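Student: Starting off with a structure, shown below.
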Amino acid sequence: MQRNWIEKCFSSIRNSSVPVKIIAIDNKSSDNSVEYIQENFPETILLESEKNLGFGGANNIGLKKALDLGGEFFFLLNQDAWVEENTIELLVKNSHKNTKYGILSPLHLNGKGTALDEQFSKYIAPDFCKNLYSDFALNKIENKIYESGFICAAAWLLTKDCLKKVGGFSPTFFHYAEDENYVQRLLYKNLKIGVLPTAKIYHDREERKDWTLVNTERSVAKKFSSPNNCLEIDVRIRQLKFKIIKNTILLKSKENKNLKKELTFLIENKEKIQENLKKTISNEKFVFLNE
(Lines give C-alpha, C1' and ligand atoms only; values in the text may rest on other atoms or scores of the structure.)
Protein backbone atom coordinates (compact mmCIF):
# COMPACT_ATOMS: atom_id res chain seq x y z
CA MET A 1 0.00 0.00 0.00
CA GLN A 2 3.03 2.29 0.10
CA ARG A 3 2.94 5.43 -2.06
CA ASN A 4 -0.24 4.29 -3.80
CA TRP A 5 1.67 1.48 -5.52
CA ILE A 6 -1.21 -0.96 -5.86
CA GLU A 7 -3.46 1.63 -7.47
CA LYS A 8 -0.78 2.63 -9.98
CA CYS A 9 0.29 -0.94 -10.75
CA PHE A 10 -3.15 -2.53 -11.15
CA SER A 11 -4.72 0.42 -12.96
CA SER A 12 -1.94 0.44 -15.53
CA ILE A 13 -2.45 -3.26 -16.26
CA ARG A 14 -6.20 -2.81 -16.42
CA ASN A 15 -5.67 -0.11 -19.08
CA SER A 16 -3.31 -2.23 -21.18
CA SER A 17 -3.89 -2.09 -24.94
CA VAL A 18 -4.06 -5.90 -24.97
CA PRO A 19 -6.42 -7.68 -22.58
CA VAL A 20 -4.66 -9.43 -19.72
CA LYS A 21 -5.75 -11.54 -16.78
CA ILE A 22 -4.29 -10.27 -13.51
CA ILE A 23 -3.07 -12.84 -11.01
CA ALA A 24 -1.91 -11.29 -7.73
CA ILE A 25 -0.07 -13.19 -5.01
CA ASP A 26 -0.37 -11.85 -1.48
CA ASN A 27 2.76 -12.91 0.38
CA LYS A 28 1.19 -12.86 3.87
CA SER A 29 1.00 -9.06 3.92
CA SER A 30 0.28 -7.20 7.14
CA ASP A 31 -1.53 -4.16 5.70
CA ASN A 32 -4.94 -3.94 4.03
CA SER A 33 -3.71 -4.59 0.48
CA VAL A 34 -5.87 -7.73 0.12
CA GLU A 35 -9.04 -5.83 1.00
CA TYR A 36 -8.05 -2.96 -1.27
CA ILE A 37 -7.54 -5.25 -4.26
CA GLN A 38 -10.79 -7.11 -3.62
CA GLU A 39 -12.73 -3.85 -3.44
CA ASN A 40 -11.09 -1.90 -6.27
CA PHE A 41 -9.91 -4.61 -8.67
CA PRO A 42 -12.49 -7.40 -8.32
CA GLU A 43 -11.51 -8.94 -11.67
CA THR A 44 -8.17 -9.95 -10.16
CA ILE A 45 -7.44 -13.57 -9.35
CA LEU A 46 -6.09 -13.07 -5.85
CA LEU A 47 -4.13 -15.93 -4.31
CA GLU A 48 -3.23 -15.60 -0.63
CA SER A 49 -0.21 -17.46 0.71
CA GLU A 50 -0.28 -18.69 4.29
CA LYS A 51 3.32 -17.52 4.73
CA ASN A 52 5.84 -15.24 3.07
CA LEU A 53 7.38 -17.39 0.32
CA GLY A 54 9.76 -14.74 -0.96
CA PHE A 55 9.86 -13.32 -4.47
CA GLY A 56 10.51 -16.54 -6.37
CA GLY A 57 8.14 -18.71 -4.38
CA ALA A 58 5.24 -16.31 -4.81
CA ASN A 59 5.88 -15.87 -8.52
CA ASN A 60 5.91 -19.65 -8.92
CA ILE A 61 2.38 -19.79 -7.50
CA GLY A 62 1.21 -17.22 -10.02
CA LEU A 63 2.97 -18.95 -12.91
CA LYS A 64 1.40 -22.30 -12.01
CA LYS A 65 -2.04 -20.70 -11.98
CA ALA A 66 -1.44 -18.95 -15.30
CA LEU A 67 -0.31 -22.22 -16.90
CA ASP A 68 -3.43 -23.97 -15.62
CA LEU A 69 -5.50 -21.21 -17.25
CA GLY A 70 -3.82 -21.87 -20.61
CA GLY A 71 -1.48 -18.90 -20.72
CA GLU A 72 1.02 -18.54 -23.57
CA PHE A 73 2.78 -15.39 -22.29
CA PHE A 74 3.45 -14.50 -18.66
CA PHE A 75 4.28 -10.97 -17.58
CA LEU A 76 5.83 -10.62 -14.13
CA LEU A 77 5.45 -7.17 -12.59
CA ASN A 78 6.54 -5.90 -9.19
CA GLN A 79 3.95 -4.24 -6.97
CA ASP A 80 6.05 -1.04 -6.96
CA ALA A 81 6.05 -0.78 -10.76
CA TRP A 82 3.55 0.12 -13.46
CA VAL A 83 3.34 -0.04 -17.26
CA GLU A 84 2.42 2.23 -20.12
CA GLU A 85 -0.66 1.41 -22.19
CA ASN A 86 1.24 -0.36 -24.99
CA THR A 87 4.05 -1.93 -22.92
CA ILE A 88 2.73 -5.48 -22.83
CA GLU A 89 1.48 -5.34 -26.43
CA LEU A 90 4.92 -4.34 -27.72
CA LEU A 91 6.61 -7.09 -25.72
CA VAL A 92 4.21 -9.80 -26.94
CA LYS A 93 4.47 -8.74 -30.60
CA ASN A 94 8.26 -8.77 -30.50
CA SER A 95 8.32 -12.08 -28.65
CA HIS A 96 6.25 -13.66 -31.44
CA LYS A 97 8.87 -12.52 -33.96
CA ASN A 98 11.91 -13.56 -31.88
CA THR A 99 11.27 -17.01 -30.44
CA LYS A 100 14.84 -17.57 -29.20
CA TYR A 101 14.18 -14.98 -26.50
CA GLY A 102 12.70 -16.69 -23.45
CA ILE A 103 12.56 -13.38 -21.57
CA LEU A 104 11.92 -9.86 -22.82
CA SER A 105 12.21 -6.82 -20.58
CA PRO A 106 10.93 -3.30 -21.17
CA LEU A 107 13.04 -0.24 -20.40
CA HIS A 108 12.95 0.50 -16.65
CA LEU A 109 12.49 4.16 -15.71
CA ASN A 110 12.43 5.51 -12.17
CA GLY A 111 9.11 6.20 -10.46
CA LYS A 112 8.94 9.77 -11.76
CA GLY A 113 9.91 8.85 -15.30
CA THR A 114 12.74 11.37 -15.21
CA ALA A 115 15.65 8.93 -15.62
CA LEU A 116 16.55 5.29 -16.02
CA ASP A 117 16.15 3.18 -12.92
CA GLU A 118 19.62 3.33 -11.35
CA GLN A 119 20.19 -0.41 -11.06
CA PHE A 120 18.65 -1.10 -14.47
CA SER A 121 21.07 1.35 -16.09
CA LYS A 122 23.90 -0.96 -15.02
CA TYR A 123 22.28 -3.97 -16.71
CA ILE A 124 22.20 -2.27 -20.11
CA ALA A 125 25.78 -0.99 -19.99
CA PRO A 126 27.90 -2.04 -23.01
CA ASP A 127 29.43 -4.99 -21.14
CA PHE A 128 25.92 -6.45 -20.67
CA CYS A 129 23.97 -5.09 -23.61
CA LYS A 130 25.79 -4.30 -26.85
CA ASN A 131 24.90 -1.12 -28.80
CA LEU A 132 21.94 0.04 -26.68
CA TYR A 133 23.78 2.99 -25.10
CA SER A 134 25.30 3.91 -28.46
CA ASP A 135 21.95 3.85 -30.23
CA PHE A 136 20.45 6.03 -27.52
CA ALA A 137 23.27 8.55 -27.88
CA LEU A 138 22.94 8.59 -31.67
CA ASN A 139 19.13 8.66 -31.59
CA LYS A 140 18.97 5.35 -33.48
CA ILE A 141 16.64 3.47 -31.14
CA GLU A 142 14.13 1.32 -33.00
CA ASN A 143 11.41 -1.13 -32.03
CA LYS A 144 13.89 -3.99 -31.81
CA ILE A 145 15.36 -6.28 -29.16
CA TYR A 146 18.81 -5.75 -27.68
CA GLU A 147 20.30 -8.94 -26.26
CA SER A 148 21.49 -8.63 -22.66
CA GLY A 149 23.34 -10.74 -20.13
CA PHE A 150 20.92 -9.99 -17.31
CA ILE A 151 17.88 -7.86 -16.45
CA CYS A 152 16.21 -7.93 -13.04
CA ALA A 153 12.80 -9.59 -12.85
CA ALA A 154 10.78 -6.51 -11.89
CA ALA A 155 9.14 -6.72 -15.34
CA TRP A 156 9.70 -9.87 -17.36
CA LEU A 157 7.69 -11.26 -20.25
CA LEU A 158 8.25 -15.03 -20.31
CA THR A 159 7.11 -17.45 -23.00
CA LYS A 160 5.53 -20.83 -22.38
CA ASP A 161 8.48 -22.44 -24.15
CA CYS A 162 10.78 -20.76 -21.63
CA LEU A 163 8.79 -22.10 -18.69
CA LYS A 164 8.86 -25.60 -20.17
CA LYS A 165 12.63 -25.58 -20.60
CA VAL A 166 13.78 -23.47 -17.65
CA GLY A 167 10.90 -23.87 -15.21
CA GLY A 168 10.14 -21.56 -12.32
CA PHE A 169 12.32 -19.80 -9.78
CA SER A 170 14.57 -21.87 -7.56
CA PRO A 171 13.52 -21.95 -3.88
CA THR A 172 17.23 -21.71 -2.99
CA PHE A 173 16.91 -17.93 -2.99
CA PHE A 174 14.22 -16.34 -0.82
CA HIS A 175 14.62 -12.79 -2.07
CA TYR A 176 17.29 -11.41 -4.42
CA ALA A 177 19.47 -13.52 -6.74
CA GLU A 178 16.57 -15.73 -7.82
CA ASP A 179 16.38 -13.76 -11.06
CA GLU A 180 20.15 -13.97 -11.54
CA ASN A 181 19.96 -17.75 -11.13
CA TYR A 182 17.00 -17.95 -13.50
CA VAL A 183 18.91 -16.16 -16.25
CA GLN A 184 21.89 -18.48 -15.73
CA ARG A 185 19.57 -21.45 -16.22
CA LEU A 186 17.91 -19.81 -19.24
CA LEU A 187 21.29 -19.35 -20.94
CA TYR A 188 22.16 -22.97 -20.14
CA LYS A 189 19.03 -24.01 -22.05
CA ASN A 190 20.20 -21.97 -25.08
CA LEU A 191 17.57 -19.26 -24.77
CA LYS A 192 18.17 -15.51 -24.68
CA ILE A 193 17.15 -12.51 -22.58
CA GLY A 194 16.71 -9.11 -24.17
CA VAL A 195 15.53 -5.53 -23.72
CA LEU A 196 12.89 -3.80 -25.84
CA PRO A 197 13.59 -0.08 -25.26
CA THR A 198 10.38 1.11 -26.95
CA ALA A 199 8.38 -0.59 -24.17
CA LYS A 200 8.61 1.10 -20.77
CA ILE A 201 7.78 0.61 -17.11
CA TYR A 202 8.16 2.86 -14.09
CA HIS A 203 9.88 1.30 -11.07
CA ASP A 204 9.50 3.32 -7.90
CA ARG A 205 12.49 2.22 -5.81
CA GLU A 206 14.78 5.26 -5.70
CA GLU A 207 14.75 5.25 -1.90
CA ARG A 208 16.08 1.70 -1.70
CA LYS A 209 19.78 2.29 -1.11
CA ASP A 210 21.18 -0.71 0.77
CA TRP A 211 22.15 -3.24 -1.89
CA THR A 212 24.63 -5.17 0.28
CA LEU A 213 22.37 -8.22 0.69
CA VAL A 214 21.45 -8.11 -3.00
CA ASN A 215 25.05 -8.14 -4.13
CA THR A 216 26.06 -10.82 -1.63
CA GLU A 217 23.39 -13.26 -2.73
CA ARG A 218 23.92 -12.49 -6.41
CA SER A 219 27.61 -13.16 -5.96
CA VAL A 220 26.75 -16.56 -4.49
CA ALA A 221 24.32 -17.26 -7.33
CA LYS A 222 26.95 -16.51 -9.95
CA LYS A 223 29.65 -18.63 -8.34
CA PHE A 224 27.81 -21.65 -7.03
CA SER A 225 24.36 -22.03 -8.61
CA SER A 226 25.18 -21.53 -12.26
CA PRO A 227 25.18 -24.65 -14.46
CA ASN A 228 27.53 -22.81 -16.83
CA ASN A 229 30.61 -22.33 -14.61
CA CYS A 230 29.93 -23.49 -11.08
CA LEU A 231 32.60 -23.47 -8.36
CA GLU A 232 32.93 -25.92 -5.48
CA ILE A 233 31.05 -24.72 -2.40
CA ASP A 234 33.29 -26.49 0.11
CA VAL A 235 36.39 -24.87 -1.39
CA ARG A 236 34.85 -21.42 -1.07
CA ILE A 237 33.74 -22.06 2.52
CA ARG A 238 37.31 -22.93 3.49
CA GLN A 239 38.60 -19.83 1.69
CA LEU A 240 36.12 -17.58 3.48
CA LYS A 241 36.95 -18.99 6.91
CA PHE A 242 40.66 -18.46 6.27
CA LYS A 243 40.13 -14.87 5.08
CA ILE A 244 38.00 -14.04 8.11
CA ILE A 245 40.61 -15.41 10.52
CA LYS A 246 43.38 -13.60 8.67
CA ASN A 247 41.52 -10.27 8.74
CA THR A 248 40.82 -10.70 12.45
CA ILE A 249 44.51 -11.33 13.20
CA LEU A 250 45.50 -8.30 11.09
CA LEU A 251 42.87 -6.16 12.86
CA LYS A 252 40.90 -5.73 9.64
CA SER A 253 37.63 -6.98 11.06
CA LYS A 254 35.56 -4.39 9.14
CA GLU A 255 36.42 -6.24 5.95
CA ASN A 256 34.75 -9.36 7.34
CA LYS A 257 31.18 -8.02 7.16
CA ASN A 258 30.39 -9.15 3.60
CA LEU A 259 32.61 -12.23 3.91
CA LYS A 260 30.59 -13.41 6.91
CA LYS A 261 27.32 -12.81 5.06
CA GLU A 262 28.49 -14.92 2.14
CA LEU A 263 29.81 -17.64 4.48
CA THR A 264 26.55 -17.80 6.42
CA PHE A 265 24.48 -17.93 3.25
CA LEU A 266 26.62 -20.73 1.80
CA ILE A 267 26.54 -22.84 4.95
CA GLU A 268 22.79 -22.43 5.42
CA ASN A 269 21.93 -23.07 1.76
CA LYS A 270 24.57 -25.59 0.68
CA GLU A 271 22.17 -28.48 0.15
CA LYS A 272 19.59 -26.27 -1.57
CA ILE A 273 22.20 -24.92 -3.98
CA GLN A 274 23.40 -28.40 -4.86
CA GLU A 275 19.80 -29.56 -5.41
CA ASN A 276 19.18 -26.48 -7.54
CA LEU A 277 22.08 -27.42 -9.81
CA LYS A 278 20.91 -31.01 -10.07
CA LYS A 279 17.42 -29.98 -11.17
CA THR A 280 18.70 -27.26 -13.48
CA ILE A 281 20.66 -29.63 -15.70
CA SER A 282 17.84 -32.17 -15.88
CA ASN A 283 15.36 -32.29 -18.76
CA GLU A 284 12.35 -32.18 -16.48
CA LYS A 285 9.70 -29.81 -17.80
CA PHE A 286 8.45 -27.00 -15.58
CA VAL A 287 11.12 -27.70 -12.95
CA PHE A 288 10.36 -25.94 -9.62
CA LEU A 289 6.79 -25.41 -10.87
CA ASN A 290 5.85 -29.04 -10.26
CA GLU A 291 6.55 -28.79 -6.54
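Student: Rounded if a/c is under 1.5, else prolate if a/b beats b/c, else oblate: with a ≥ b ≥ c from the C-alpha gyration tensor eigenvalues square-rooted, which is the stretch 72-128?
Tutor: Since a/c reaches 1.5 but b/c is at least a/b, the shape of the stretch 72-128 is classed as oblate.
Student: So, one more: Using only DSSP helix segments of four residues or longer, with each worth -39500 (n - 2.57), what per-residue ellipticity at 222 nm results for the chain after dividing by its residue count and rounding to 500?
Tutor: Using -39500 (n - 2.57) per qualifying helix, the result is -13500 deg cm²/dmol.
Student: Lys/Arg Cβ at +1, Asp/Glu Cβ at -1, dipole of the stretch 12-170 taken about the Cα centre: which of Asn32, Thr99, Ile141 is farthest positive-ward?
Tutor: About the Cα centre, the residue reaching furthest to the positive side is Thr99.
Student: Over the chain, with the other protein chains present, what is the accessible area per residue in square angstrom, probe 1.4 angstrom?
Tutor: 52 Å²
Student: Take the alpha carbon gyration tensor of the stretch 222-269, find the square roots of its eigenvalues, order them as a ≥ b ≥ c, and report rounded if a/c is under 1.5; if not, report prolate when a/b exceeds b/c, else oblate.
Tutor: prolate
Student: Non-local amide H neighbours of Asp26 (under 5 Å, H modeled in plane, Pro and chain starts lacking H): which ones?
Tutor: Hits under the 5 Å cutoff: Leu47, Glu48, Ser49.
Student: Further question on the same structure: Assuming R0 = 22 Å, what is the FRET efficiency of Glu118 and Ser11, from their Cβ-Cβ distance, to the nearest 0.05?
Tutor: About 0.30, to the nearest 0.05.
Student: Turning to a different aspect of this structure: Please go through the stretch 2-60 and write out the trypsin sites (Lys or Arg not before Pro) that DSSP classes as loop and that have at most 15 other C-beta atoms within 10 Å.
Tutor: In loop regions of the stretch 2-60 (DSSP not H, G, I, E or B), the sparsely surrounded trypsin sites (Lys or Arg not before Pro) are Lys21, Lys28, Lys51.
Student: For the chain, what % of the accessible area comes from carbon and sulfur atoms, probe 1.4 Å?
Tutor: Here carbon and sulfur together make up 50 percent of the probe-accessible area.
Student: Please report the antiparallel percentage of DSSP beta bridges with both residues in the chain, rounded to the nearest 5.
Tutor: Once the DSSP bridges in the chain are tallied, antiparallel ones form about 50 percent.
Student: Name the trypsin sites (Lys or Arg not before Pro) in the stretch 82-142 that are in a loop by DSSP and that have at most 10 other C-beta atoms within 10 Å, would you?
Tutor: Passing both the DSSP loop test and the Cβ count: Lys112, Lys140.
Student: When the expected Rg is taken as 2.2 N^0.38 Å, what fraction or multiple of it is the alpha-carbon Rg of the chain?
Tutor: Normalised Cα radius of gyration, the chain: 1.04.
Student: Follow-up. Kindly work out what percent of the DSSP beta bridges joining two residues of the stretch 72-225 are antiparallel, to the nearest 5.
Tutor: 60 percent
Student: Also: Please list 3J(HN,Hα) in residue order for the stretch 65-76, calculated via the Karplus relation 6.51 cos²θ - 1.76 cosθ + 1.60 where θ = phi - 60°; whole Hz, with x for glycine and proline.
Tutor: 4, 5, 5, 4, 7, x, x, 10, 10, 9, 9, 8
The values are calculated or read from the model by the stated rules, or taken from the named source; none is laboratory data. Quick caveat: nothing in here was measured; it's all calculated off a predicted structure. Here Cβ is always computed from backbone atoms with ideal geometry, including for glycine, and neighbour counts include all displayed protein chains. Calculation scope for accessible area: heavy atoms of the full protein, side chains included, ligands and nucleic acids excluded. Shrake-Rupley method; radii C 1.70, N 1.55, O 1.52, S 1.80 Å.
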